[in-house]
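Encoded as structure tokens, the structure appears first; notes follow it.
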Amino acid sequence: MKLAHATLLLVSLVLSSSLHAMADDLIPQPAPSWCDTKCDARCKDAKEKDRCLKYCGICCNKCQCVPSGTYGNKLECPCYNDMKDSKGTSKCP
């Protein structure tokens, strides 16, 4: 009887994990946002890409603008250009 319960428990665990994995595959993933796409392009050559993407995302979400290219061109987006950190340096990459 104990063997039957153990077998039933094992089969239940395998089936539940399989169903969970299939359900995850069925859930649609959100499309990348406009800011994600623009920041990926802006930060593609950055040495610290994770940090660049973080601050670019913050600036883009506030300003709804990301300068073209991977460096400079900040005058294209005055809000992006004017955001400063606590040290007074540019917050946005």
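Among the residues making up region 23-33, those that are exposed (fewer than 12 other Cβ atoms within 10 Å of the Cβ) and either modelled with pLDDT of 95 or more or not aliphatic (A, V, I, L, M) (or both) are ASP24, ASP25, PRO28, GLN29, PRO30, PRO32. So which pairs qualify, if the first residue must be in region 60-84 and closer than 14 Å to ASP45 by Cβ and of a type in the set (Val, Ile, Thr), the second must be at pLDDT 95 or above and part of a helix (DSSP H, G or I), the Cβ gap must be under 9 Å, and the two must be at least 6 apart or on different chains? So the pair list comes out as THR70/ALA41; THR70/ARG42. Suppose we filter region 37-66 for residues that are assigned to a helix (DSSP H, G or I) and open to solvent by less than 60 Å² (accessible area, probe 1.4 Å); how many remain? Total meeting the criteria: 10.
Cβ-Cβ contacts under 9 Å between residues 6 or more apart (or on different chains), taken from a first residue in region 38-58 that is in contact (Cβ under 8 Å) with a residue 12 or more places away in the chain to a second residue that is surrounded by 14 or more Cβ atoms within 10 Å (Cβ to Cβ) and among the polar types (S, T, N, Q), are listed as ALA41/THR70; ARG42/THR70; CYS43/THR70; LYS44/THR70; ASP45/THR70; ALA46/THR70. Candidates are the residues of region 67-80 that are in a helix (DSSP H, G or I) and closer than 21 Å to ASP36 by Cβ; the one that is least open to solvent (accessible area, probe 1.4 Å) is TYR80.
The values are calculated or read from the model by the stated rules, or taken from the named source; none is laboratory data. Keep in mind that what you see is a predicted model, and the values were worked out from it rather than measured. Using ideal geometry, Cβ is built from the backbone for each residue, glycine included, and neighbour counts are taken over all protein chains shown. All accessible areas refer to the heavy atoms of the entire protein, side chains included, with ligands and DNA or RNA removed. Shrake-Rupley method; radii C 1.70, N 1.55, O 1.52, S 1.80 Å.
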